[in-house]
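The values are calculated or read from the model by the stated rules, or taken from the named source; none is laboratory data. The shown structure was predicted, so the numbers you read here are calculated from the model rather than taken from an experiment. Cβ: placed from backbone, ideal geometry, glycine included. Neighbour counts: every protein chain shown.
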Amino acid sequence: MQLQQYDTYSACVEALKNGAVDAVTTDEVILAGYAAQSPGTFKVVGGTFSEERYCIGLKKGDTELKTKINDAITKMEKDGAWKAACRQEPRTRGHHGADAADGRQVADE
């Protein structure tokens, strides 16, 4: 096996389309998005290599926006929308994957 690196995700997908590579790996949501853009051409297979955490960056001291984001996350957790989105969204993008993740709050760091 030989590793081939590209500068952009779209270059990776183009290499997969034209047969220059046999597979592409990156974050699950990115792979699912490319699979959804080309139904029947690509599919996400296999397990995960690692758990990736995402965050929201805000201007330091922007407590108003932080509160709005945290309130929205809390509401989604309470009404079940968060887990429903985590369970269902990947399937709508041509991928049958991950269990629902717990919501996270924006922290002061």
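Only one residue in LYS68, LYS75 is closer than 18 Å to CYS86 by Cα, over 20 Å from the mean Cα position of the chain (by Cα) and not in a loop (DSSP other than H, G, I, E, B). Which one?
LYS75
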Open item on the list: Can you tell me which of (1) part of a loop (DSSP other than H, G, I, E, B); (2) at pLDDT below 90; (3) surrounded by 16 or more Cβ atoms within 10 Å (Cβ to Cβ) is the one ASP99 doesn't meet?
Closed with: (3)
TODO: Note down all Cβ pairs under 7 Å where the first residue falls in the stretch 7-27 and is under 24 Å from GLU51 (Cβ atoms), the second is surrounded by 15 or more Cβ atoms within 10 Å (Cβ to Cβ) and of a type in the set (D, E, K, R), and they're at least six residues apart or on different chains.
DONE: none
Task: Counted residues, the stretch 13-40 - those being farther than 26 Å from CYS86 by Cα and part of a helix (DSSP H, G or I) - done: 4
TODO: Would you mind finding the one in ASP27, ASP7, ASP22 that is charged (D, E, K, R) and surrounded by 11 or more Cβ atoms within 10 Å (Cβ to Cβ)?
DONE: ASP27
- [ ] Search the stretch 38-55 for residues that are β-branched (Val, Ile, Thr) and pair each with any residue that is part of a loop (DSSP other than H, G, I, E, B) when their beta-carbon atoms are under 6 Å apart and the residues are at least 6 apart or on different chains.
- [x] VAL44/HIS95
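So, in the stretch 41-65, how many residues would count as being over 20 Å from ARG87 (Cα atoms) and within 14 Å of the chain's Cα centre (by Cα)? Before you say what the answer is, go through the steps one by one.
Taking the stretch 41-65 as the starting set, the residues that turn out to be over 20 Å from ARG87 (Cα atoms) are 41-42, 56-65.
From what's left, within 14 Å of the chain's Cα centre (by Cα): 56.
Going through the stretch 41-65 one residue at a time, the tally reaches 1.
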